[in-house]
Amino acid sequence: MKKISILITSILFLYSLPAIAGVFSIDSDHAQIGFSARHMMIYNVKGTFKQFKGGFELDESNTLVSASAEIEVSSIDTKIEKRDNHLRSPDFFDVSKFPKMTFQTTAVKKNGGQSFTVTGDLTIRDVTKTITLKGEILGPIKDPWGNIRAGFSAKGKIDRKEFGLKWNKALESGGVLVGDEIALQLEGEGILKK
């Protein structure tokens, strides 16, 4: 048992690093920009955006300093092609006119440990609104190929109507086909720029 404990400690020491300040590029192979919305008031439809780029900066105490992202809206994926095409249409994102969605931090508040609250500008359909995300930074660590990585996760909510995504249909039983509140969930890894 003692040998196992020493082995685990040694592995953690090799792969854990002291604080490293710098800019990390999001590794899109190990990241997800997800969302969910109520469907007919009874079910959460979940989806992701498959194509995006961005990064974040950490200071010497592994605290988030800033973050940004640019998302290809046409890469939306809810697992149903007909629904995805409707979301790409002028009823929703209108990707032919507004192909990208962007986010840029304006302020970061440290909440203790590596958790944070981020305020930033989200732009959808050329409408920019301030949103708040809560999350945490994990790491940094050294991967088996010599790269320095840090993980991130964050959650938040937006009202889609504030960004011009107003399409809906009333239900005979009351309520609407698509909920106005959209839950956001971001998670992934960044690689320290050399």
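The values are calculated or read from the model by the stated rules, or taken from the named source; none is laboratory data. Computed from a prediction, not measured in an experiment: that's the story for all the values here. Glycine gets a Cβ as well: all are built from the backbone with ideal geometry, and neighbour counts include every protein chain shown.
In table form, for the structure just shown:
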item: Residue within segment 56-71 that is of a type in the set (Ser, Thr, Tyr) and over 30 Å from residue 110 (Cβ atoms) present; result: no
item: Which listed residue is under 26 Å from residue 98 (Cα atoms) and buried (at least 18 other Cβ atoms within 10 Å of the Cβ), from 151, 190, 156; result: 156
item: Residues satisfying the stated conditions in segment 37-74, i.e. surrounded by fewer than 16 Cβ atoms within 10 Å (Cβ to Cβ) and among the basic types (Lys, Arg); result: 46, 50, 53
item: Only listed residue being under 26 Å from residue 177 (Cβ atoms) and of a type in the set (A, V, I, L, M, F, W, C), chosen from 98, 56; result: 98
item: Criterion violated by residue 88 - all others in (1) of a type in the set (D, E, K, R); (2) under 27 Å from residue 45 (Cβ atoms); (3) surrounded by fewer than 16 Cβ atoms within 10 Å (Cβ to Cβ) satisfied; result: (3)
item: Segment 45-99 - residue that is among the aliphatic types (A, V, I, L, M) and in a loop (DSSP other than H, G, I, E, B) and, of those, nearest to residue 190 (Cα to Cα); result: 95
item: Cβ-Cβ under 7 Å pairs, at least 6 apart or on other chains, segment 155-166 side in contact (Cβ under 8 Å) with a residue 40 or more places away in the chain, far side surrounded by fewer than 19 Cβ atoms within 10 Å (Cβ to Cβ) and acidic (Asp, Glu); result: 160/180
item: Qualifying residues in segment 1-44 (those that are in a strand (DSSP E or B) and among the polar types (S, T, N, Q)) - the one modelled with the lowest pLDDT; result: 16
item: Residue within segment 119-135 that is surrounded by 15 or more Cβ atoms within 10 Å (Cβ to Cβ), free of Cβ contacts under 8 Å to residues at least 40 places away in the same chain and in a loop (DSSP other than H, G, I, E, B) present; result: no
item: Given (1) of a type in the set (A, V, I, L, M, F, W, C); (2) surrounded by 14 or more Cβ atoms within 10 Å (Cβ to Cβ); (3) more than 15 Å from the chain's Cα centre (by Cα), index of the condition residue 80 fails; result: (2)
item: Count of residues meeting criterion [on the phi < 0 side of the Ramachandran plot and either aliphatic (A, V, I, L, M) or modelled with pLDDT under 95 (or both)] in segment 62-105; result: 12
